[in-house]
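So the structure is just underneath, and the comments pick up after that.
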Amino acid sequence: DHGMPFPRAKASLYDAGTRVPLAIRWPKGIRKPGRVSQALVNLSDLAPTFLEAAAISVPKMMIGKALTDIFKDKIKVKREAAFIAMERHAGCRKGGKGYPCRAIRTEEYLYIRNFDPDRWPAGSPERKHCVRHIRFGEVDPSPTKTVMMDDPKYSKFADLAFGKRPAEELYDLSSDPHQLQNLAEHQEFQKILVKLRQQIDHYLRKSGDPRLTDEPALWDYYPFYRAPKFSGWKVDPMPTSFVP
């Protein structure tokens, strides 16, 4: 559970909500300790790393790549992108729905795919749809959130944080490090957009992600167990075609 508890940070796929440092100490296993690597690491890389460190064969089903080559200072695997995903967070949409989105983060760009842009990314603006009984309940309460919601001077930023988003987002990190200017519809960035879209599609299919396969996306139908007494909504029933 990471990301700053502020608008457009935690529970989002922007850097403020996903980027965290990875520090590893292993005196006997890391050559030239004290080094800093700029490699983009996926969370799925940790499991095969632990297995290789313990001299256990890595199952072929694992899509992550062990970091042992970085430990040995002999880079074998290109780590040019990190893949990020989000489904459900605080239970703040009608029917218990989440906000399905996926992203690919390279050194230069961030590409985000929002699979259901009709949903509210930060939770519903209506309290009755949130188990926390707050507006835009995916974002934790804070003075920053209150000001952005209530002060017209910050309506532009409130829309960025709480408003609905397009199906695709693309950000040039060199000129826009805070990811505020969506370039997905800019003609000069179409080649980059297509390339990143293809990369993430390939990764999602390889990993069997149901948002891009014919498998049912069961996340949309799981009960929200943290608030069993909440009566603001009922989880949508699972379609019978999903039942084995």
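The values are calculated or read from the model by the stated rules, or taken from the named source; none is laboratory data. On a predicted model such as this, the values are computed, not experimentally measured, just so you know. We place every Cβ from the backbone using ideal geometry, glycine too, and count neighbours over all the protein chains shown. Calculation scope for accessible area: heavy atoms of the full protein, side chains included, ligands and nucleic acids excluded. Shrake-Rupley method; radii C 1.70, N 1.55, O 1.52, S 1.80 Å.
Solvent exposure of the chain amounts to 62 Å² per residue of accessible area, where only protein heavy atoms count and the probe is 1.4 Å. Comparing 26, 219, 120 in a Gaussian network model of the chain, where Cα atoms under 10 Å apart are tied by springs, the biggest mean-square fluctuation is seen for 26. Taken about its Cα centre, the stretch 1-51 carries a charge dipole of about 320 debye when Lys and Arg each add +1 at the Cβ and Asp and Glu each add -1 at the Cβ. At a 1.4 Å probe radius, carbon and sulfur cover how many percent of the accessible area of the stretch 1-115? That share works out to 57 percent.
Ratio of Rg to Rh for the chain: 1.00 [Cα atoms; Kirkwood radius as inverse mean 1/r over pairs]. When the charge dipole of the chain is built from unit charges on Cβ atoms (+1 for Lys and Arg, -1 for Asp and Glu) and taken about the Cα centre, the candidate among 122, 81, 61 whose Cα reaches farthest toward its positive end is 61. For a straight C-alpha distance cut-off of 23 angstrom, the lysines reachable from residue 60 (same-chain residues fewer than eight places away being disregarded) are 72, 74, 76, 78, 206.
In a DSSP loop and with at most 12 other Cβ atoms within 10 Å, the GluC sites (Glu not before Pro) in the stretch 121-224 are 185.
For the chain, a crude dipole built from +1 on the beta carbon of Lys and Arg and -1 on the beta carbon of Asp and Glu, taken about the Cα centre, is about 760 debye to the nearest 20.
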